[in-house]
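Below is one structure, written out as structure tokens; comments come after it.
Read-outs throughout are calculated quantities, based only on the coordinates presented, and are distinct from any laboratory measurement. Here the structure is a predicted model, which means the values were calculated and not measured. So basically every Cβ, Gly included, is an ideal-geometry build from the backbone, and we count neighbours across all protein chains shown.
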Amino acid sequence: MLRWLIRPARALVEALTDAGTPQQLALGFTLGMLVGLVPKDNLTAWILATLLLATRSNLAMAGLGAFAFSWMGMLLDPLSHRIGLMLLEAGALRPIWTWLFQLPLMPWTALNNSVVLGSLVLGIMLLYPVYRVARPLFAWLLPRLTDRAARWHIGKVLYGADVIANGGSQ
Amino acid sequence: VINWRYAIPRLTIFAGLLLFLALGVDPLARSALVAVGQRAAESKVNVERVSTSIVNAQVAIEGVSVANRHTSQRNLWEAQAIYLDLDAAALVQRRFVIEQGIVRGLVINGGRSDDGHVDYDYGIAFPRATLGDAGEKLLLDAAKLLGENLAEELESVQLARQFAARWPQEFRDLEERIDHWLVEVRQLQKLPELLGSDPLADVQQVQRAALTLQTLQEELAAMQNDFQRLQRLAKLDRGQLTAAVERDVARIEQRLQAASLDPQQLNEYLLGPKVAPRVAAAMHWAKWVRDHLPDDELPEPTRARGVDVSFSADRQPWFVAQLLRVEGEVVYDDHRYPYLALVQGLSSSPRTYPQPAIFRVKLNDPLETWIEFIADRTTDARRDKVTVVCPRVAMDEVSLGDAQRLALQLPPGELAVQAIMNFNDDTIAGELRLYRSDVSFALVGDATFGGSELAQRIERSLNEIREIDLRVVISGPIERPKAHLQSPLGHQLAAAIEGSIADEISLRRAELRNKARKSIESEIAALNECLAIQQQLARKKLSAADDQHQQLEKLIASSLGLPKQRLGRQLQRVLER
């Protein structure tokens, strides 16, 4: 019984702390950045979050990226607003927007908001550069992070508890 | 094979998100509702709880109160619970269309701690006092006129009586003078007896007699002059009397002219007090609803960041209440009156929504009232139509005049009231109609005032009035509209009262004129008779005096041994000696 309770928790912690590959770490951080930039009170943010969860990326880095860029996104609001407004007011795009916003659920995406659209476009534009910068950085950081995670107190506790639950077989 | 190391954290996070969605939507919706409400009402909005069912597209809102932005101590409205069925198709378009909803315990204008009395001053008042004075004056004047004895006040009668008292006195004085003159003559007739042997004494006696005779002659001439003067005066007095008679007749005619009643004032007097507050109250509530209805766009819930750009060619309002059933109370003069209401076509964008908002309200207490308010904001002009129907409005007894003397009374009953008012921006044009079918006017008062005949005459005329049908035409600016009453009642009443009074007065006038003429004529006849007798008496006495005078002259002439013709000269000579 105890094993049933502890094993999923241990797996979750391992998954969150599992460093994986530098690519996974960089992808997690980059997608987290995208989610973080976009305001959260709309369907777009939720779709991005779902997409993030669907990828094989590092969730801890995604959370870190989302957290960091949520704050940065507010600072970038003037820029996002200008980009979004420029796109929304572009005459050539107007038929597309009009058609798009007649579709069901589209109004909930808030893409007719200058900051939402601007931050999304800004985030997409930053995806590749951020990924390119993050990947070598995480390749350098990964061994150090793994060592440190192995020494984290919660990991030890969960590992020890799992051993006890299995009757000391491990 | 499931890679649990990959799936578990993602499923966990996803479950967490779903849990947040399940538990967090209601508080989020509550916050959004408060924010939107406060922006729309520009005052504090409280919402206790919001329960949503995304699957069924239903929302339940409990404990809603919207403060009155003008008076923080009052709530504009508050509701115990609101249950809404939303249109799911519109919801995916981020539009909140209430297909039908129920609002329970909606209290309008409630929650105050100060004095709840509202003074509806729209300048709608009908001058009851003025009309009351006029109406009462008419009835009381008529009563007084018909009850008093005018004959006693006639100038000709007074004059005739005055002459009747004066003339006998004048003639009695003349008669007394004649009688006195005759006594003197009789004294003088005794002269022959006084003449004797002493010539000196006789001469003195004759001298005295001559003097007395001369005086008597002069007195006789004076009395004859006075008699003629009295005859002339009598003729003059008769002329005065005739003029007074004419004046009296004219005065009677003038005083018995029937006064007239203004039918319009009569309407206002009888029905104004009932009508004016109802017009003002209807105006007040219509204005209240207008003031609190959004004229333009109800602000869409917008994000704090960025700008929302609209792309819809045929833009739909983000909020529409197609049908709302409301059960609640309205607070009026510190009393709460329950009502039922239906709201249709309420939208966040009245100019783009194709139909006006319609409010239908039914109140049972304190009186059955049906109200329909149509707020048309589909054009630039604010056009509203208010229809109020009260089928049974209690009407108190109305009295015109003084019940102690002569008064017109309309017993209590029930009125049907209907008001239709059209508001166009800041002007109003409408009509208020009052109808009562069981009308039966009664005339009360003392029979001595006007008499039972007048009462019967008026009552017969009043019996023909069986209904009240009053229209109040209201027009002008909303803040100071003009109200004008139109009803055949005033004309009917005025015709009945004036006609009856005029008929009675006409009858009385003829009677009084005859009576006055008889009275005058009898007085004048008595005076003439008195004058004739007195004149006859005076004339006889004067004639007798003249005879006595002749005899006296003869007597004195014979006493002196002279012919009568020489008596004058002889007497003159005697006197000269």
Relative exposure of A:Ser57, B:Ser399, A:Ser119, B:Ser475, judged by other C-beta atoms within 10 Å (fewest first): B:Ser475, B:Ser399, A:Ser57, A:Ser119
B:Gln169/B:Gln551 FRET efficiency (R0 35 Å; Cβ-Cβ; nearest 0.05): 0.70
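Among B:Lys190/B:Lys235; B:Lys235/B:Lys518; B:Lys518/B:Lys540; B:Lys362/B:Lys482, which pairs are too far apart, with a Cα-Cα distance over 30 Å?
Pairs exceeding the cut-off: B:Lys190/B:Lys235; B:Lys518/B:Lys540.
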Shielding by other protein chains, A:112-124, mean Cβ within 10 Å: 3
